[in-house]
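Here is the structure we will look at.
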Amino acid sequence: MDPSLPDPASSLSVDSVADSLKSQSLREQGNDRINKENKNKKVKLSLEDLNWDHSFVRELPGDPQSDSIPRQVFHACYTKVLPSAEVENPELVAWSDSVAGLLDLDSHEFERPDFPLKFSGASPLAGAVPYAQCYGGHQFGTWAGQLGDGRAITLGEILNSKSERWELQLKGAGKTPYSRFADGLAVLRSSIREFLCSEAMHFLGIPTTRALCLVTTGKLVTRDMFYDGNPKEEPGAIVCRVAQSFLRFGSFQIHASKGEEDLGIVCSLADYAIRHHFPHIENISKSETLSFSTGDNGQSVVDLTSNKYAAWIVEIAERTASLVARWQGVGFTHGVLNTDNMSILGLTIDYGPFGFLDAFDPSYTPNTTDLPGRRYCFANQPDICSWNITQFASTLMAAHLISDKEASYAVERYGTKFMDEYQAIITQKLGLQKYNKQLVNKLLNNLAVDKVDYTNFFRSLSNIKADPGIPEGELLVPLKAVLLDIGKERKEAWASWVQSYIQELVASGISDEERKASMDLVNPKYVLRNYLCQIAIDAAEIGDFGEVRRLLKVMERPYDEQPGMEKYARLPPAWAYRPGVCMLSCSS
C-alpha cells in the first residue's frame, strides 16, 4: 500500500460504509424506478411527428415509372404511386385506439377535422412515400402471373418508441399499375368487414394484420357483387391497414417466375425480410446445432445453421401452421387462400369473403367463387396452406437459396407443427389434460350431423360437471341451448359422448371451477359472425356508424361475459343465410 494514502480501515467506520452502500442502493432503486416510469410512459405523437422510415423503397429495386397505368412491371418490387381515389366530404367511420398505441399516435388525432382527408389519401400525410407492391400468386391452384397491390397503397413504415416497424397501407385508395381492369377502389361494405375482422382476430389472439381507421370517401363505387350482370352503386370507403410487413409468398414468386434474370431479386427480398423481420435468423450461431433428421429412416440430415434461408422457410412454415391451427380452433374460414394472400409473417391477411362457422360444417366456404370445388372450405385449410408452403419453397429452390431436401423438411415441419398446435388447442377447448383422438373425432362428427353452432357449443361445454353420477336424463341439460331440434336417437348419441367426456374430466382431477375458468379463456363467447357485420353495414350505409363502433367494442373482449351484450352471441336469424351475408364473392 502507498504510505501517502490513508488507511481505509482508519478513515471509514463500519457505519459509514453501511450508510454509503445504503445511499448507493437507494440511488440505484430510484434510477430503476425513474427508468421504469419513463419506459412505461406512453409516447403520444401527432401525425406530423410520426417517425417514418422507408426501408422497403430504400433497399429494394423499384419501378422506374411512377404512373398508375395498368401494365406489366419488370425487375421491381414496387411502384411509387400516389393515392387517387375521388373524395368528397370524407367521414371517419371507426378507429382503433389499440392500433394507435402501436404507432405511438395520440388518440386525440382522430378528432382532427383533416384526419379523414389524410386517411382517404385526399391530403398527403407528412413523411409518407406511397407505393404499391408488386407480387404474383397461385389463384385456385393455377399460376395467375402478376397481381400486385391493385387497390392498396402503402404509405411507408413507422418506427415506434420500441423500435418496432409498422407499415401503413390505404386499401381502396385508387388505381395502381397492378389494378388490371379494376378501378382500385373499395366499398363501405367490404371495408367495414375488413376493419372489424382485423381487430376481432387480434383480440381472439390470432396473428393478423391490423386496422387503424376506416373512412368513407363520400363518392359512390359501382360493384357487381355476384358477378351476375347486376352491378349497383355503393358508398366508397378506405381502410388503413397496419402490419409489420405486407410481404406475401407471391412477393417472391413473381420474380422467380420471370426466370434467371430476376432470381437475384428473390435473394435481395429474402435478405431484406430476414434482416428486418427475422433478425434472430440472421444471427444464428452454429453452436446452436439446429440439425434435424428427415425421412422415415432418419438418415438424411438438415442443418439449419448452415443456411439461413432454410432456417427462414422452416420458421415461415411453422408460423403458418400455428396460424391455421388457430383458425381451426375458433372456426374461422379465410375463403381465398391463394398464395398472394399468404403472409410470410404468419399473419391472417386480406379479409374478403371470410366467415366464422355458425352451424358446424367442415365443407363450409364463405366464397361463392369457391362453391363448385370448395377448394378453400374450412376442412381444407390445413392442406391448402401446406400446398402453398410447397409453392413458396419451390420459389426459393428456383433462386438456389435452399435445396430440395431443405424444402421437403420445411413442408414436413408444417405438418408436424400444425398437428401439435391443433391437438393442443382442441385439448384446451375441451378442458382436458391430454389429447383424446377418439373423443375429438366423435365430437366433430356429432357437431356436423346436427349442425351445432360451433362457438356457442364450446362456450356451453364448460358448464358440464365432472360428476359420473349425473342421471342420464340430465346429461344434456348444460347443452340444451345449443343442441336444438334433435330427436331421440341423436340425444342418445350426444348423451353417450357426454358420458365419455365426463370420464375424461374426472381422470384429469381438475375442479369444475378451475376448468370452467380455463375453458372460458380459450372458447370465445363472441365472434364476428357475418350477420353481425351485415347489421352494422346496413346502418352505416345510411349514415349511422354507431353499430360499427359498438360491434368493435364487443369484439375487443371476446372471452368476457359482457352483461347486456348477449345479443351479439345469438344464433344467426334465418335471413343471415342468404347470399351476400353468409357468402360473398372475391369482389367483396
- Message: Pairs of alpha-carbon atoms within less than 8 angstrom and 6+ residues apart define the contacts here; what relative contact order does the range 51-246 have, in percent?
- Response: 25 percent
- Message: Skipping prolines and chain starts, which residues have an amide H placed within reach, meaning under 5 Å, of the one on Ala173, given they are 5 or more residues away or on another chain?
- Response: Ile153
- Message: Report the rotationally averaged projected area of the chain based on its alpha-carbon convex hull, in square nanometres.
- Response: 38.0 nm²
- Query: the range 491-560 to the range 90-155: how many Å between their Cα centroids?
  - Reply: 31 Å
- Ala493 paired with Asp114, simple spin-label distance in nm, labels 7 Å along Cα-to-beta-carbon: 6.4 nm
- Task: Take peptides 50-61, 413-424, 75-86 and line them up by average Cβ neighbours within 10 Å, highest first, as a rough protection proxy.
- Result: 75-86, 413-424, 50-61
- Give the long-range amide H neighbours of Ala144: residues separated by 5 or more places, or on another chain, with amide H under 5 Å away, using H modelled in the peptide plane at 1.01 Å from N. Gly137, His138, Gln139
- Item | Positive dipole terminus of the chain, leading residue within Cys267, His334, Met201 (C-beta point charges) | His334
- By a straight-distance test (C-alpha under 22 Å), which lysines pair with Lys118 as possible cross-link partners, with residues fewer than eight away in the same chain excluded? Lys44, Lys80, Lys171, Lys175, Lys219
- Describe numerically, in nm with one decimal, the distance between label points set 7 Å from Cα along Cα→Cβ at Arg180 and at Leu521. 4.6 nm
- Message: Let's test the formula: R0 of 25 Å, r as the Cβ-Cβ distance of Glu556 and Ile510. What FRET efficiency results, to the nearest 0.05?
- Response: 0.30
- If contacts are Cα pairs under 8 angstrom and at least 6 residues apart, what is the relative contact order of the range 125-203 in percent? 23 percent
- Rounded to the nearest 0.05, FRET efficiency between Asn463 and Lys434 (Cβ-Cβ, R0 22 Å) equals 0.50
- Query: Which FRET efficiency value, to the nearest 0.05, do you get for Ser163 and Glu261 by plugging their Cβ-Cβ distance into 1/(1 + (r/R0)^6) with R0 = 35 Å?
  - Reply: 0.45
- Message: Let me make sure I get this right: for the range 210-265, a, b and c are the square roots of the gyration tensor eigenvalues over alpha carbons, sorted descending. Under 1.5 in a/c it's rounded, otherwise prolate if a/b > b/c, else oblate. Which is it?
- Response: oblate
- Message: As a test of the formula, what do you get for the chain when each DSSP H run with n ≥ 4 contributes -39,500 (n - 2.57) and the sum is divided by the residue count, at 222 nm and rounded to the nearest 500 deg cm²/dmol?
- Response: -12000 deg cm²/dmol
- Query: Considering the dipole of the range 152-293 built from charges on the beta carbon (Lys and Arg +1, Asp and Glu -1) around the Cα centre, which of Gln253, Val242, Leu188 is farthest to its positive end?
  - Reply: Leu188
- proj_area_mean for the range 50-133 (convex hull on C-alpha atoms), units nm², value 6.7 nm²
- Query: Dipole of the chain (Lys/Arg Cβ +1, Asp/Glu Cβ -1, origin at the Cα centre): which of Pro558, Gly148, Phe356 lies farthest to the positive side?
  - Reply: Phe356
- Item | Ordering of 303-314, 365-376, 189-200 by burial proxy (mean other Cβ atoms within 10 Å per residue, highest first) | 189-200, 303-314, 365-376
- Query: If you place +1 on the Cβ of every Lys and Arg and -1 on the Cβ of every Asp and Glu, how big does the dipole about the Cα centre of the chain come out, in debye to the nearest 20?
  - Reply: 960 debye
- Message: Can you compute the charge dipole magnitude of the range 78-124 about its Cα centre, using +1 on each Lys and Arg Cβ and -1 on each Asp and Glu Cβ, nothing else charged? Give it in debye, rounded to the nearest 20.
- Response: 260 debye
- Task: Calculate one ³J(HN,Hα) per residue across the range 519-524 by plugging θ = phi - 60° into the Karplus curve 6.51 cos²θ - 1.76 cosθ + 1.60, and present them in order as whole Hz with x for glycine and proline.
- Result: 5, 5, 7, 10, 10, x
- Task: Please report the relative contact order for the chain, taking Cα pairs under 8 Å with a sequence separation of at least 6, and give it as a percent rounded to a whole number.
- Result: 13 percent
- May I ask you to list the aspartates and glutamates whose Cα is less than 19 Å away from that of Lys232, ignoring any residue fewer than eight positions away on the same chain? Glu86, Asp183, Asp224, Asp538, Glu541
- Query: Treating the beta-carbon of each Lys and Arg as +1 and of each Asp and Glu as -1, no other charges, what is the dipole magnitude of the range 254-429 about its Cα centre, to the nearest 20 debye?
  - Reply: 260 debye
- Task: Place the peptides 464-473, 101-110 in order of packing, highest mean first, counting for every residue the other Cβ atoms within 10 Å and averaging per peptide.
- Result: 101-110, 464-473
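Bear in mind these aren't lab numbers, they're just calculated from the coordinates by the rules spelled out. The model shown is predicted, which means the values in this text are computed figures rather than measured ones. Neighbour counts run over all protein chains shown; Cβ positions are idealised from the backbone, glycine included.
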